[in-house]
Amino acid sequence: MRIHHDQLEVRTRGKGLYEITDEVQSRLDQRGVQNGIVTVFMQHTSCSIVIMENADPSARRDLEEFFERLVPEDGEYFTHTAEGADDMPSHIRMVLTRTSETIPIADGKMQLGAWQGIFLFEHRRASHRRKIFVTIMGE
Amino acid sequence: MRIHHDQLEVRTRGKGLYEITDEVQSRLDQRGVQNGIVTVFMQHTSCSIVIMENADPSARRDLEEFFERLVPEDGEYFTHTAEGADDMPSHIRMVLTRTSETIPIADGKMQLGAWQGIFLFEHRRASHRRKIFVTIMGE
Amino acid sequence: MRIHHDQLEVRTRGKGLYEITDEVQSRLDQRGVQNGIVTVFMQHTSCSIVIMENADPSARRDLEEFFERLVPEDGEYFTHTAEGADDMPSHIRMVLTRTSETIPIADGKMQLGAWQGIFLFEHRRASHRRKIFVTIMGE
């Protein structure tokens, strides 16, 4: 049993879903782990890690629109507004989704379903460099 | 330290919560792992894995009704509609809940609280065969 | 590779976020694990574990207010009401957030980002003693 840590940095250009499945799988390939689990952990509180349908871009656009409506930027009760109108909604959207995903590894591959992809879900408008910590435990 | 993979297949018959706690524990019993963690991972994007109150069915019905209202099928802004009115809401409900749960194992048992059960949360109307990947790491 | 289990008990005094980052890190320090993962698992269905911004209390208050509005206590369709008006909303808020977080450990420290803290998110009004199961796997 071994433990491998890797860090991914992803450049985002505004709100939306950015697929990182291939980047995670390539870390697995480099490490040569055949069986175990991988934890993909976001080191920020204004964006998320989610597993989502990765075939049809329209599904991702509808998901983004849902979150715009569920947690609108103009929440009149917000007091945490010093960092911009999109900051407080970004924390709420992160809590409503996930900070990490843990995925099983078998035969050297992540055991994702046919339509599952791993995505960084960016909740801020500005460009950001996002740091993701990838920990592989296995043999 | 050992790694064991198992696959569960659960037949769903429409929307709702289906308890799988016993099925997961029976895999643990067969493997004989005394200490570690188990990751229960859903290989689909239109249903979820959640831990929920397992004593009173009325709590589960209220939860299902909440999600019907929070993510209604007639979202007028949905564009991803080719697979039916319940498809896009199913992806959103999955992102709002969880694709997997990781549960500690001690003394050969999952360390669930008194009222916690593991559930498949089906978001589609039609019957489906759902595949769940169960990975046990421990000794 | 070793497996360590610890239990935390946290006394809550009504709804809100209670930071437990230091309590989890102190367990890590005692165990002396340098590399691996830690799973922080809530053994209840009416409160959550979440990672959230830990610098500005106003962000936490806005988050709490959002959940009061998203899942109000007076849901007229609730049937699971025997344990009080705040009981059914507590289960829903738990399903919308998380029962556990899994965090990477490197160089003896949890690899949290600069503004990330681990919080117990209490959804009930009354005081409770909450049990959290902490499992460290690593070397």
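The values are calculated or read from the model by the stated rules, or taken from the named source; none is laboratory data. Here the structure is a predicted model, which is why all the values come from computation and not from measurement. Note that each Cβ is placed from the backbone with ideal geometry, even for glycine, and that neighbours are counted across all protein chains shown. When the accessible area is computed, the model is the full protein with side chains, heavy atoms only, and any ligands, DNA or RNA have been set aside. Shrake-Rupley method; radii C 1.70, N 1.55, O 1.52, S 1.80 Å.
Structure above, values below:
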read-out: More than 21 Å apart - percent of Cα-Cα pairs taken over chain B; value: 44
read-out: Teacher prompt: B:Ala85 distances to equivalent labels in other copies, 7 Å Cα→Cβ, nm; value: 3.3, 3.3
read-out: Solvent-accessible area of C:Glu19 with every protein chain in place, 1.4 Å probe, in Å² to the nearest 10; value: 80
read-out: Kirkwood hydrodynamic radius of the protein assembly as shown, Cα pairs, Å; value: 21.3
read-out: B:Arg2 accessible area, assembled protein chains, probe 1.4 Å, Å²; value: 100
read-out: Normalised contact order of segment C:3-94, rounded percent, pairs of Cα under 8 Å and 6 or more residues apart; value: 29
read-out: Residues of segment A:108-139 buried by at least 30 Å² on assembly (accessible area, 1.4 Å probe, chain alone as reference); value: A:Gln111, A:Gln116, A:Phe133, A:Met137
read-out: Computed label-point distance, nm, for sites A:Arg61 and C:Glu19 using a 7 Å Cα→Cβ extension; value: 4.2
read-out: Ratio Rg/Rh, restricted to segment C:71-139 and using Cα atoms, in which Rh is the Kirkwood radius; value: 1.10
read-out: Partner lysines for A:Lys15 [C-alpha distance under 21 Å; skip if fewer than 8 residues away on the same chain]; value: A:Lys131
read-out: Gap separating the Cα centres of segment B:1-60 and segment C:71-139, nearest whole Å; value: 19
read-out: Segment B:29-75: proportion of alpha-carbon pairs further apart than 14 angstrom, %; value: 70
read-out: Net charge of Cβ neighbours under 13 Å - reference B:His128; Lys, Arg +1; Asp, Glu -1; value: +3
read-out: Proportion of all alpha-carbon pairs of segment A:1-69 beyond 17 Å (%); value: 53
